[in-house]
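Worksheet: the structure to be examined is printed underneath.
The numbers here are math on the coordinates, done by the rules we state, and not lab data. A quick note: this is a predicted structure, and the numbers were derived from the prediction, not measured. For neighbour counting, all protein chains shown are included, and Cβ atoms are generated from backbone atoms with ideal geometry for every residue, glycine included.
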Amino acid sequence: MVGDVANQTDGVVGSPANDDRMVFTEANPARALVATADVAAGARVLRGFDDGLAAEGLRAAEAVWRAEEAAGRAAGAGEKEIAARVHAAVELFLSTRKEEYRRAVIEAAPVIKKQVAALGWIVGRALPAIGDAGVSAAVRDAVASYAKEERAAAAKNPFGVPYEPVIWGAGWGIQEHGVRQYFLHTAFPDLVDADGALDALNFILGVHPGANTASFASGVGARSMTTAYGWNRADWSYVPGGVVSGTALIRPDFPELKDFPFLWQQGEYVLGGGATNFMLLALAAERMWDAPGGAE
């Protein structure tokens, strides 16, 4: 926290000063490393469009990596932090091709194999560049086992996705799962088929349980969620492109999708993980369809 907390306020009527120097922070290695991964990946996208911002972002990502590395070695790290470290190392390596980050991924092979559901989709696309036969074989074996488990889970219902009804709508989790399946498919097309991603997209667009089979993406599809929980909830209206979590288990009934704006557990809008994953799945479906042979 920076600034004189006792004597400074931010925009309070009657305050002697308007001060925005108060900063609230947390010590969260996993969150910091995931942010590092995101910024490092963003730097690649920005190259050729805003080289200055790309370089600035990559410098910041590497600085956070160095700080978290030093802190992690001193205090030890749990599985969540180690997984986040692998994610950061992959994106930093793809953006810089520095041996430091390549070595970090190689050394984490046992963790990647153990946490393949969380890390396989991240690491798979980097394996050709990493160029280590042992790591590639270990990850591939783990993905093969994981793919069998996923096929068994998807076969438990007619929607082709891992779906266990809970009070909260499962759409966002299914979207995230679909995104991961897409990246696994692109990295290991002989082990993971396209169905995981396409079925997740179909679920969002209306192939889901309940009499109300509206699309979870407002304004997308012949029928969609046009009564949602966002800043507009009191208006009984919608934000085009907003994506809700969808069909919830309204006890003691079966899963259903109510047309009511204040049931935030099924009708709430979010960007991260909601609209973003939906857009990526839509683009992924288009890319797979345009690929040689199309989406089978």
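Taking amide H atoms as placed 1.01 Å from N in the peptide plane, the amide H of Glu268 lies under 5 Å from those of Tyr229, Ser245, Gly246, each 5 or more residues away in sequence or on another chain. Residue by residue, the range 35-49 carries 3J(HN,Hα) couplings of 4, 4, 4, 5, 5, 5, 5, x, 4, 5, 5, 7, 4, x, 10 Hz when phi is fed to the Karplus relation 6.51 cos²θ - 1.76 cosθ + 1.60 (θ = phi - 60°); x denotes Gly or Pro. Note on the chain: Cα-only Rg and Dmax are 22.1, 69 Å. On full extension, the segment bounded by Val45 and Asp259 gains 73.1 nm, given 0.36 nm per residue less the C-alpha separation. Other residues lying with their Cβ under 15 Å from the Cβ of Val143 contribute a combined charge of +2, Lys and Arg counting +1, Asp and Glu -1. Note on the chain: with a GNM built from Cα contacts shorter than 10 Å, the maximum mean-square fluctuation among Arg180, Arg103, Arg251 falls on Arg251. DSSP loop trypsin sites (Lys or Arg not before Pro) in the range 217-286 with at most 13 other Cβ atoms within 10 Å of their Cβ, which ones? Within the range 217-286, the qualifying trypsin sites (Lys or Arg not before Pro) (loop, at most 13 other Cβ atoms within 10 Å) are Arg223. Taking the DSSP beta bridges with both ends in the chain, the antiparallel portion is around 60 percent. Annotation for Ala27 and Arg223: the two label points, set 7 Å from Cα along the Cα-Cβ direction, are 5.4 nm apart. Per-residue Karplus couplings for the range 267-278, computed as 6.51 cos²θ - 1.76 cosθ + 1.60 with θ equal to phi - 60°, are listed in order as x, 7, 8, 9, 8, x, x, x, 4, 5, 5, 4 Hz, Gly and Pro entered as x. Between amide H atoms placed 1.01 Å from N, distances below 5 Å from Asn212 occur with Leu257, all of them 5 or more places distant or on a separate chain.
Ignoring lysines fewer than eight residues from Lys148 along the same chain, the ones with Cα atoms less than 22 angstrom from its Cα are Lys113, Lys114, Lys156. The residue list Val207, Phe262, Ala187 was ranked by how far each Cα lies along the charge dipole of the chain toward its positive end, using unit charges on Cβ atoms, and Ala187 comes out on top. Here the Kirkwood formula, the inverse mean of 1/r across different C-alpha pairs, assigns the range 163-296 a hydrodynamic radius of 15.0 Å. Please go through the range 193-238 and write out the chymotrypsin sites (Phe, Trp or Tyr not before Pro) that DSSP classes as loop and that have at most 16 other C-beta atoms within 10 Å. Filter output for the range 193-238: Trp231, Trp236. Computed 3J(HN,Hα) for the range 203-209, one whole-Hz value per residue from the Karplus formula 6.51 cos²θ - 1.76 cosθ + 1.60 where θ = phi - 60°, is 4, 5, 7, x, 8, 8, x, glycine and proline marked x.
Only DSSP H runs of four or more residues enter the estimate; each adds -39500 (n - 2.57), and after division by the residues of the chain the mean residue ellipticity at 222 nm equals -17000 deg cm²/dmol.
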